[in-house]
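The values are calculated or read from the model by the stated rules, or taken from the named source; none is laboratory data. In this text the structure is predicted, and so the values were computed from the model without any measurement. Don't worry about glycine lacking a Cβ; one is built from the backbone with ideal geometry, like all the others, and counts go over all protein chains shown. These area figures cover heavy atoms from the full protein model, side chains too; ligands, DNA and RNA do not enter into them. Shrake-Rupley method; radii C 1.70, N 1.55, O 1.52, S 1.80 Å.
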Amino acid sequence: MKRPVVSVMRRISMLSLILLPLGFANAGQGDDLLNARCAGCHDLKGPAPTTVQAIWERKGPDLFYAGNKYRREWLARWLQAPVRIRPAGMFYGNHIKPGPDGDEIDQGSLAPHVKLSGSDAELAASALMDKKAKSDLIKPGEYHSGTISKSMGELMFDKFRGCLACHEIEPGYGGSSGPEVYTVAKRLQSDFLISYMRNPQAWDPKIFMPNKHLKEQDLPKFVDYFKVLSEEDFK
Amino acid sequence: MSRVLRWALFPLLVTLHCGQALAAETGKDLYKTYCWQCHGMTGNGNGINVRDMSVQPRNHSDAKEMSARSDEDLFKAIKHGGQSINKSVLMPPWDGVLSDDEIHALVRYLRELCQCRHG
């Protein structure tokens, strides 16, 4: 009876010897890919900017906490067909110019995002999900889904809290300096959204999104609203 | 100074130094970072975000309007938001990102923009 067990164990060991390095190779490949294709515009290591000048110089979102922020399936999909999320770029101040009716976005100054192949997008998404800095700010499972009507959500987002000033709630409606929110529920993890809205500067000390001191009980309602928006067919 | 006293004072000196470093941003740089988005590159109230706003942002280059506001009111509006001086919720509180020294620097810059004083 001993022989077969030993034999199976040996086989498992042999298989591990083959598969484990493959796993490491994948992780290594993912990091190599991030360093080669992403590090030019994204900070993969942190910490976040501590001066406004560093905010101006930032070309893309910090990725050293990507695993706490993004939804993996969205990352893998978006990296293959990237579209603009921030209408005025990463730091809006670098992409505006005076116009006849006030400041306007200088579209010519906005560069398209790098597009990855399917396999590279999967590799990058996996490597990004391993980046989990600032985990202490996340309370896993904190968000419990609720229901909110679109009109009540809009009332809260616009009239009561003034968030519409900087964020679009549908294409072409809302502010331009912040990222669009009508896709945010598809892009970001719910627990991250709650944590970020609770205190944006805990994640990014100099970011130009103010801490609105939202009530704790309202935080999940904003996420509920974002989910309602994400189900709309705006295209 | 005794060695013990020196070690006791060290954290205090570090804190003071960091405090100075944090207050080193100029009013002009802070205005570009946080205020341009609504009040515009020249402070005329026509920033990129105004298109769909229900209340238009203050024109900071309007000497008449700005001279009606005291420095204390401007400080309060920046720190605690428009509602703290019975103005719009669209002006958010900036106390989460700006120190009091930085808000004072912004108030001084607003006076440069309007080329005016209170009263």
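When you look at A:I169, is it under 25 Å from A:L75 (Cα atoms), outside the structural domain of A:Q53 (by TED's automatic domain parsing), in a strand (DSSP E or B) and open to solvent by less than 40 Å² (accessible area, probe 1.4 Å), yes or no?
Yes: the conditions hold for A:I169.
If a residue has to be more than 7 Å from chain B (Cβ to nearest Cβ) and touching a residue at least 24 places away in the same chain (Cβ under 8 Å) to count, how many in region A:162-177 make the cut?
5
Scan region A:32-79 for residues that are assigned to a helix (DSSP H, G or I) and either open to solvent by 70 Å² or more (accessible area, probe 1.4 Å) or more than 30 Å from B:Y31 (Cβ to Cβ) (or both) and report the count.
Result for region A:32-79: 18.
Taking the options B:A24, B:A63, name whichever one is touching a residue at least 40 places away in the same chain (Cβ under 8 Å) and out of contact with any strand residue (DSSP E or B) (no Cβ under 9 Å at 6 or more places or on another chain).
Answer to the selection: B:A63.
Checking A:S149 against (1) more than 14 Å from chain B (Cβ to nearest Cβ); (2) open to solvent by less than 40 Å² (accessible area, probe 1.4 Å); (3) closer than 20 Å to A:K221 by Cβ, only one condition comes out false. Which one?
(2)
Here are some conditions: (1) without any contact (Cβ under 8 Å) to a residue 60 or more places away in the chain; (2) open to solvent by 30 Å² or more (accessible area, probe 1.4 Å); (3) among the β-branched types (V, I, T). A:I105 meets all but one. Which one does it not meet?
Exception for A:I105: condition (1).
Cβ-Cβ under 8 Å, sequence separation 6+ or interchain: first residue in region A:191-216 and more than 8 Å from chain B (Cβ to nearest Cβ), partner of a type in the set (F, W, Y) and in a loop (DSSP other than H, G, I, E, B). Which pairs?
Pairs found: A:D191/A:Y143; A:L193/A:Y143; A:I194/A:Y143; A:W203/A:Y65.
Out of B:D101, B:D62, report the one residue that is over 21 Å from A:E168 (Cα atoms), more than 13 Å from chain A (Cβ to nearest Cβ), surrounded by fewer than 17 Cβ atoms within 10 Å (Cβ to Cβ) and more than 10 Å from the chain's Cα centre (by Cα).
Being over 21 Å from A:E168 (Cα atoms), more than 13 Å from chain A (Cβ to nearest Cβ), surrounded by fewer than 17 Cβ atoms within 10 Å (Cβ to Cβ) and more than 10 Å from the chain's Cα centre (by Cα) holds for just one of B:D101, B:D62, which is B:D62.
I'd like to check something: does region A:106-116 contain any residue that is farther than 27 Å from A:G67 by Cα, assigned to a loop (DSSP other than H, G, I, E, B) and in contact with a His (Cβ under 6 Å, 6 or more places away or on another chain)?
Yes, the conditions are met somewhere in region A:106-116.
In region A:114-130, is there at least one residue being out of contact with any strand residue (DSSP E or B) (no Cβ under 9 Å at 6 or more places or on another chain), hydroxyl-bearing (S, T, Y) and in the same structural domain as A:A202 (by TED's automatic domain parsing)?
The answer is no; no qualifying residue exists.
Of all residues being of a type outside the set (A, V, I, L, M, F, W, C) and more than 7 Å from chain A (Cβ to nearest Cβ) in region B:25-41, which is most open to solvent (accessible area, probe 1.4 Å)? Just the residue, please.
Checking each candidate, the answer is B:K28.
Just the residues that are touching a Gly at 6+ places or on another chain (Cβ under 9 Å), among the hydrophobic types (A, V, I, L, M, F, W, C), under 18 Å from A:H42 (Cα atoms) and within 14 Å of chain B (Cβ to nearest Cβ), please, taken from region A:89-117.
Hits for region A:89-117 are A:M90, A:L110.
For region A:182-215, name all the residues that are under 25 Å from B:S99 (Cβ atoms) and among the acidic types (D, E).
Hit for region A:182-215 is A:D204, nothing else.
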